[in-house]
Amino acid sequence: MVAQVIDGKAFAAKVRAQVADQVAKLKEENGITPGLAVVLVGEDPASQVYVRSKGKQTVEVGMNSYEHKLDVDTSEEDLLALIDKLNNDPAVHGILVQLPLPKHLNEDLVINSIDPAKDVDGFHISNVGLLGTGQKSMVPCTPLGCLMMLRDYHGSLSGMDAVVIGRSNIVGKPMAQLLLGDSCTVTIAHSRTKDLPDVVRRADIVVAAVGRPEMVPGDWIKEGATVIDVGINRIERDGKNKLVGDVDYASAAERAGAITPVPGGVGPMTIACLLANTLTACCRSNGLPEPEGLTA
Ligand code: NAD
């Protein structure tokens, strides 16, 4: 079997176009422009790239982008004061604090100080609880993007066997909750899981979110399974820098029914879902119907 490639880049462009359409309607019919505030503390090079990209795409879909760049030694008090200001600013519908934060700042405290209704990353403890109990919440962007691609490919996921490799709060756990919400039988595997190859071999859906280059070889993949590779790993091969996923793409593509590539799979969906979440937050806060197909 040669797997169908799930093209995350094209899918993300479709999601952005849907968001842009809805934003144009909101402006015309309701006089509302959704706004996303992104807070960056310090000068981590990868974070700077992400923040720039988020700001650019926010403006491209017609939303307002507010960037707040703070010194690396910003105090917790000053950061919390900024978040409080953004929580109370009616022009701001989404707030994202770029992680990781410098060591002297308490990440949990900072994230939990964001108004849950504006928490477009879905990391606030209230949103985690709402998602875990199957209630309407803000859903973390990366797992939401994975879910959208799976739903688009399969239609219903009901009754499928899904294995999520990785149990982080950002990807693994919320991904498992979303798959459970769509009636999959879900296994969460992690660094202490015994017989990981056997666990993966049972799965109709494999979501790999580990951060170890090409650790899942093709012979772990059940014939015809769908493979969603969240990993982004920089490696050097043949003297060149290369991005690879957590799955060995070449061998997995020979057995899978469908697979996301790295790059061009899950990555582009993450920012597209951030824009979708900002639109959702804006609609909810104005008592308007939510955009269809852009939420969990
Ligand atoms: P993390 O380091 O917080 O979590 C990694 C998880 O992998 C842990 O739960 C750990 O138990 C598990 N693990 C580690 N070694 C393992 C092993 N040998 N076998 C099985 N499980 C093992 O990472 P994260 O934040 O969840 O990110 C995971 C990967 O996804 C990284 O490569 C990251 O760069 C990538 N990522 C991509 C996007 C995107 O937009 N595409 C977004 C977030 C994260």
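Points worth noting:
- Residue within region 110-124 that is modelled with pLDDT of 95 or more, charged (D, E, K, R) and open to solvent by less than 10 Å² (accessible area, probe 1.4 Å) present: yes
- Residues of region 193-226 classified as away from the ligand (no atom under 14 Å from the Cβ), more than 17 Å from LYS173 (Cα to Cα) and within 24 Å of the chain's Cα centre (by Cα), total: 4
- Check on PRO100, part of a loop (DSSP other than H, G, I, E, B) and more than 24 Å from PRO45 (Cα to Cα): no
- The residue that is most open to solvent (accessible area, probe 1.4 Å), among those in region 132-142 that are assigned to a helix (DSSP H, G or I) and within 16 Å of the ligand (Cβ to nearest atom), is THR142.
- Pairs, first more than 14 Å from the ligand (Cβ to nearest atom) in region 257-283, second open to solvent by 10 Å² or more (accessible area, probe 1.4 Å) and among the aromatic types (Phe, Trp, Tyr), C-beta under 8 Å, six or more apart: ALA258/TYR153; ILE259/TYR249
- Residues located in region 195-209, provided they are farther than 15 Å from GLY265 by Cβ, assigned to a loop (DSSP other than H, G, I, E, B) and open to solvent by less than 60 Å² (accessible area, probe 1.4 Å): ALA203, ASP204
- Residues that are within 25 Å of PRO263 (Cα to Cα) and either touching a Phe, Trp or Tyr at 6+ places or on another chain (Cβ under 8 Å) or of a type in the set (Lys, Arg) (or both), drawn from region 5-42: ILE6, LYS9, LYS14, ARG16, VAL38
- Looking across region 143-158 at every residue that is outside any helix (DSSP H, G or I) and open to solvent by less than 60 Å² (accessible area, probe 1.4 Å), the one that is nearest to the ligand (Cβ to nearest atom) is identified as LEU157.
- Sole exception among (1) of a type in the set (Lys, Arg); (2) without any contact (Cβ under 8 Å) to a residue 40 or more places away in the chain; (3) surrounded by 12 or more Cβ atoms within 10 Å (Cβ to Cβ) for LYS56, by number: (3)
- Applying the criterion of being surrounded by fewer than 17 Cβ atoms within 10 Å (Cβ to Cβ) and not in a helix (DSSP H, G or I) to the residues of region 174-192, the residue that is farthest from the ligand (Cβ to nearest atom) is SER183.
- Region 159-173: number of residues that are of a type outside the set (A, V, I, L, M), within 12 Å of the ligand (Cβ to nearest atom) and either over 20 Å from LEU99 (Cβ atoms) or open to solvent by less than 70 Å² (accessible area, probe 1.4 Å) (or both): 3
- Taken over region 230-256, residues that are charged (D, E, K, R) and either within 16 Å of the ligand (Cβ to nearest atom) or closer than 14 Å to ALA209 by Cβ (or both) amount to 4.
- The single condition among (1) on the phi > 0 side of the Ramachandran plot; (2) in a strand (DSSP E or B); (3) not polar (S, T, N, Q) that TYR66 does not meet is (1).
- Considering (1) touching a Pro at 6+ places or on another chain (Cβ under 9 Å); (2) open to solvent by 40 Å² or more (accessible area, probe 1.4 Å), the lone condition that GLY239 does not fulfil carries the number (1).
The values are calculated or read from the model by the stated rules, or taken from the named source; none is laboratory data. None of these values were measured; they are calculated from a predicted model. Please note: Cβ atoms are built from the backbone with ideal geometry, for glycine as well, and neighbour counts cover all protein chains shown. These area figures cover heavy atoms from the full protein model, side chains too; ligands, DNA and RNA do not enter into them. Shrake-Rupley method; radii C 1.70, N 1.55, O 1.52, S 1.80 Å.
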